[in-house]
Amino acid sequence: MTKGQRKIGLAVAQMGPVHLADTRRAVVARLVEMLREAHARGADLVVFPELALTTFFPRYWMSDEEAQARFFEAQMPNAEVQPLFDEARRLGVGFYLGYAELTPEGVPYNTAILVDRGARIVGKYRKVHLPGHDDHKPQAPFQHLEKKFFQVGDQPFGVWDTMGTKIGMCLCNDRRWPETWRVMSLQSAELVVLGYNTPSVNIHWPEPVHLRMHHHLITLQASAYQNCVWAAAAAKCGAEDGHHMIGGSVIVAPTGEIAAQASTEDDEVITVSADLGLAETFRRHVFDFARHRRPEHYRLIVERTGPGEPLPRD
Ligand code: CDT
């Protein structure tokens, strides 16, 4: 953060594929290399993907015990991830990192942490909107077992005042839900960071592949604009052992415009010097929440989960 200015050096570190055979040590070395590049390009904060340390394992059918033994972290940092924390502290760069968390009580979550420039974990978010299924689908080309391997996050969407910025966190599927963004915006978030693993193929219906990228971008652009926030989204992408996931990592301004976008499906750093003041105009005018919002007319949003009957009218 430049003194006296409302700017943050924002980097998204997109990751290419992580294969089943790749070790945590090799993955962390890739993260460290991107952290260094981001720092050299002026970053204060680097956003890494969801489940960044392993392949996107919910695509494989296995027991919970096997998944937890192979793909979850019982401590953070642990010896394999420590080099990332050490380098972040040395460079004075903060980061967001997604990983599979196993709590001391044995509860599994799809988790993201926010780490400040002193390499302290200052925030933790556990994914709320878990997509996919919990049963075995042998006819599907692959599984999407987030509902089997993870519990729903145990806390609401949070915002952390750190690194001179109010930062909200979410993960992948959360970005598609307007409630995610509004709950953070109502806590005065200025920046929302997220990682994602979005398979190119939808196993539930024959969705045209181009729609995956289209929906990814429209949700980020519309949500950034409607909530007056910067949004920084990091993909893990390309073909992991033959299973392709979309790239398209982006930094979106509160105008809804894309300020930077990855052009590969590999490890790639994108950066923006983000003017946090840009959102103020929108917060003061079209989205002056305190003046224009009418929560008394939005009650169904918290009263109903799915669609029901129309409300009675006079
Ligand atoms: N990781 C993750 O949340 N992926 C989902 C896939 C949705 S299709 C079941 C996403 O929203 O991108």
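The values are calculated or read from the model by the stated rules, or taken from the named source; none is laboratory data. Keep in mind that what you see is a predicted model, and the values were worked out from it rather than measured. Backbone-built Cβ (ideal geometry, glycine too); neighbour counts: all protein chains shown.
Within the stretch 198-211, being near the ligand (Cβ under 8 Å from one of its atoms) and not in a loop (DSSP other than H, G, I, E, B) holds for one residue alone: Pro199.
Checking each residue in the stretch 86-134 for being within 16 Å of the ligand (Cβ to nearest atom), at negative phi and in a loop (DSSP other than H, G, I, E, B) picks out Lys127, Val128, His129, Leu130, Pro131, His133, Asp134. Restricting attention to the stretch 262-292, the residues that are under 27 Å from the mean Cα position of the chain (by Cα), part of a loop (DSSP other than H, G, I, E, B) and not aliphatic (A, V, I, L, M) add up to 8. For the stretch 158-174, a residue qualifies if it is in contact with a helix residue (DSSP H, G or I) (Cβ under 7 Å, 6 or more places away or on another chain) and surrounded by fewer than 23 Cβ atoms within 10 Å (Cβ to Cβ), and exactly one does: Val159.
Taking the conditions (1) out of contact with any Gly (no Cβ under 9 Å at 6 or more places or on another chain); (2) of a type in the set (D, E, K, R); (3) within 16 Å of the ligand (Cβ to nearest atom) in turn, Arg25 satisfies each one other than (3). Any chance the stretch 141-149 includes a residue that's aliphatic (A, V, I, L, M), in a loop (DSSP other than H, G, I, E, B), away from the ligand (no atom under 13 Å from the Cβ) and more than 13 Å from Leu194 (Cα to Cα)? No, the stretch 141-149 contains no residue that is aliphatic (A, V, I, L, M), in a loop (DSSP other than H, G, I, E, B), away from the ligand (no atom under 13 Å from the Cβ) and more than 13 Å from Leu194 (Cα to Cα). Here the condition is being away from the ligand (no atom under 16 Å from the Cβ) and modelled with pLDDT of 95 or more; of Pro83, Pro58, it holds for Pro83 alone. Consider the stretch 34-55 and keep the residues that are within 16 Å of the ligand (Cβ to nearest atom) and either modelled with pLDDT under 95 or part of a loop (DSSP other than H, G, I, E, B) (or both). The one that is farthest from Lys137 (Cα to Cα) is Phe48.
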